[in-house]
1. Among the residues of the stretch 47-85 satisfying the criterion of being open to solvent by 20 Å² or more (accessible area, probe 1.4 Å), of a type in the set (Asp, Glu) and within 27 Å of Glu200 (Cβ to Cβ), which is modelled with the lowest pLDDT?
2. Given the options Val93, Val125, name the one that is closer than 16 Å to Asn152 by Cβ, open to solvent by less than 40 Å² (accessible area, probe 1.4 Å) and at pLDDT 95 or above.
3. Looking at Glu15, Glu54, can you tell me which residue is farther than 23 Å from Arg163 by Cα and under 18 Å from the mean Cα position of the chain (by Cα)?
4. Step by step: first the residues of the stretch 120-165, then only those that are part of a strand (DSSP E or B) and aliphatic (A, V, I, L, M), then the one that is nearest to Arg84 (Cα to Cα). Which residue is that?
5. Which one of these is modelled with pLDDT under 85, surrounded by 15 or more Cβ atoms within 10 Å (Cβ to Cβ) and hydrophobic (A, V, I, L, M, F, W, C): Ile141, Ile208, Ile196?
6. What is the residue count in the stretch 96-117 for residues that are surrounded by fewer than 12 Cβ atoms within 10 Å (Cβ to Cβ) and either part of a loop (DSSP other than H, G, I, E, B) or of a type in the set (Asp, Glu) (or both)?
7. Could you tell me how many of the residues in the stretch 166-192 are assigned to a loop (DSSP other than H, G, I, E, B), open to solvent by less than 60 Å² (accessible area, probe 1.4 Å) and either aromatic (Phe, Trp, Tyr) or without any contact (Cβ under 8 Å) to a residue 24 or more places away in the chain (or both)?
Amino acid sequence: MGMLGGKTVIRSTYENARETGLFHDVFVVTDSEIIYNEISRNGGKAIMSIQEHETGSDRIAEAVKDLDCDIVINIQGDEPFVKRDPLEKLIQVFRQDDKNEVDVATLIREINDPKIIEDPNYVKVVKDKNNYALYFSRSVIPYPREKTLLANYYEHVGVYAFRKQALLSFYELPMLQNETAEKIECIRYLEYGMRIKVIETTFVGVEIDTPEDLELANKIIKEQENKIF
């Protein structure tokens, strides 16, 4: 496990999520004994997956099916810099949803760099006028057929909030064509008619997937420490 400011990345992410004070409880859901033990021995709460799963949503659904909760927030374990403000905005979506029209809420941010827009590793999203997701893709969407017309592009930030029932429904539904092709789990919700509210944010996290990502994250930690002192 990578180390970040003297702690493992997963422990830093867990503790930062808990310290926001937004949640009744915080768990790490994992299929790794190493991660499970890392959280447990440092006073945290972890749930061990029983089955193998295709997506994070499937794993979380298994973990929460017997928990007494209405809304579930999913923060990726490699996102240690997630902030309180965007998480609070996700929760507010459900507090304001008197008609229970929203099944899932997730974060997006505007992008302007052509390299990111064209990079299939960055998931793009298009939304309607009421800020519901129309589609997610690794391709360039919307496609600029007329190069002289400017389009707005949004990147999907992989932080979700689910109604528990939507999550459990997701767990029971098989993958369909578009999710299988794109390898983007939130497409499953759309393919089965569930509604995803998107919340624009300026938050830019550091997903720690490579040694270079970890090096960048540690640089950020040192910069933050220097500002404090």
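The values are calculated or read from the model by the stated rules, or taken from the named source; none is laboratory data. All values reported here derive from a predicted model rather than from experimental measurement. Note that we place each Cβ from the backbone using ideal geometry, even for glycine, and neighbour counts take in every protein chain shown. For accessibility, only protein heavy atoms count, side chains too; no ligands or nucleic acids. Shrake-Rupley method; radii C 1.70, N 1.55, O 1.52, S 1.80 Å.
1. Within the stretch 47-85, the match that is modelled with the lowest pLDDT is Asp78.
2. Matching residue, one of Val93, Val125: Val125.
3. Glu15
4. Val159
5. Selected residue: Ile208, the only one of Ile141, Ile208, Ile196 that is modelled with pLDDT under 85, surrounded by 15 or more Cβ atoms within 10 Å (Cβ to Cβ) and hydrophobic (A, V, I, L, M, F, W, C).
6. The total comes to 8.
7. Of the residues in that region, 1 qualify.
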